[in-house]
Amino acid sequence: MMVIVKYFNEKTDDDYEIYNKLWEEHKERFVFLHTNLTHNQQMNIIINDLDDNKDILAVRFEKMNKINKNKIINSILLGNGIQYENKKWFPKEIWVYSPN
């Protein structure tokens, strides 16, 4: 399974406008990863948000060092996906937005 990781780093007002428009256009595809919660809470939110249209794991307002340590992201990047019930979910993309 191949996953595309997109990192959006806002440096200017123009960046904000471009990224905001792009995120708004794709919001129905997002499942948000709430990195400030425990692993179990993160999993529960993701599983509850899944449907057939959701194919992007989105992370907003987080530093890369915390993202690199996240168990869910690492599981996806290692090809294990997110396991729940008797299913696995693999996002097509991971979007990380980090404002400056």
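Laboratory data are not the source of any read-out in this text; all were calculated from the coordinates shown. Predicted, not measured: the structure shown is a model, and the values here were computed from it. Neighbour counts run over all protein chains shown; Cβ positions are idealised from the backbone, glycine included.
Quick notes on this structure:
- Overall Cα dimensions of region 34-100, principal axis frame, Å, largest first: 39, 23, 22
- Compared with the dominant Cα axis of the chain, that is its longest principal axis, helix 13-26 is turned about 30°.
- Lys27 versus Val3: modelled label distance in nm, points set 7 Å from Cα along the beta carbon direction: 2.4
- C-alpha long axis of helix 39-49 to longest principal axis of the chain, angle in °: 80
- Whichever lysines have a C-alpha closer than 28 Å to that of Lys63, once near sequence neighbours (fewer than 8 apart) are set aside: Lys6, Lys11, Lys21, Lys27, Lys54, Lys71, Lys88, Lys92
- Counting only DSSP beta bridges with both residues in region 4-99, the antiparallel share comes to about 15 percent.
- Cross-link partners of Lys69 among aspartates and glutamates (Cα-Cα below 16 Å; sequence separation of 8 or more within a chain): none
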